[in-house]
Amino acid sequence: WKLRNLIRWGRWCRDRGCHYHVARVNTSRRVLHCAAAGAHSFDGSSVSRFVVNLPKLDGARRQLPLWEYDGR
């Protein structure tokens, strides 16, 4: 549900000037989806529980989008 609706919520927030935050983002894939959907912020507990995930998730956070997000 969350990934299918990221774009819809991103547009809704953008159209109304709202801050867009996404919770429970614990994978690189979700980080990239959030960025493509226009999220201003996100959080997740993965890094605090498994520090080995920090470089991978931080790399995803810094990645520039190379194409338009299609909602999948």
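Which percent of the accessible heavy-atom area of the chain goes to carbon and sulfur, probe 1.4 angstrom?
Carbon with sulfur: 56 percent of the solvent-accessible area.
Once R0 is set to 35 Å, what does the formula 1/(1 + (r/R0)^6) return for the Cβ-Cβ distance between residue 1 and residue 51, expressed as a FRET efficiency to the nearest 0.05?
Here the calculated transfer efficiency is 0.75.
Can you tell which of 44, 59, 17 shows the greatest fluctuation in a Gaussian network model of the chain with Cα springs below 10 Å?
17
Can you give the accessible area of residue 50 in Å² (nearest 10), computed on protein heavy atoms with a 1.4 Å probe?
Accessible surface of residue 50 is approximately 100 Å².
Please work out the Cα convex hull volume for the chain and give it in Å³ per residue.
For the chain, the hull spanned by Cα atoms encloses 83 Å³ per residue.
Would you kindly enumerate the cysteines in the chain that have no other Cys beta-carbon under 4.7 Å from their beta-carbon?
34
Under a point-charge model restricted to the Cβ atoms of Lys and Arg (+1) and Asp and Glu (-1), what is the dipole moment magnitude of the chain relative to its Cα centre, in debye to the nearest 20?
200 debye
Fully extended, how many nm does the chain gain between residue 62 and residue 23 (0.36 nm per residue separation, minus their Cα-Cα distance)?
12.2 nm
The values are calculated or read from the model by the stated rules, or taken from the named source; none is laboratory data. Please read all numbers here as calculations on a predicted model, not as lab measurements. Neighbour counts are summed over all protein chains in view; Cβ atoms, including those assigned to glycine, are modelled from backbone coordinates with ideal geometry. What goes into the accessible areas is simple: the full protein's heavy atoms, side chains included, and nothing from ligands, DNA or RNA. Shrake-Rupley method; radii C 1.70, N 1.55, O 1.52, S 1.80 Å.
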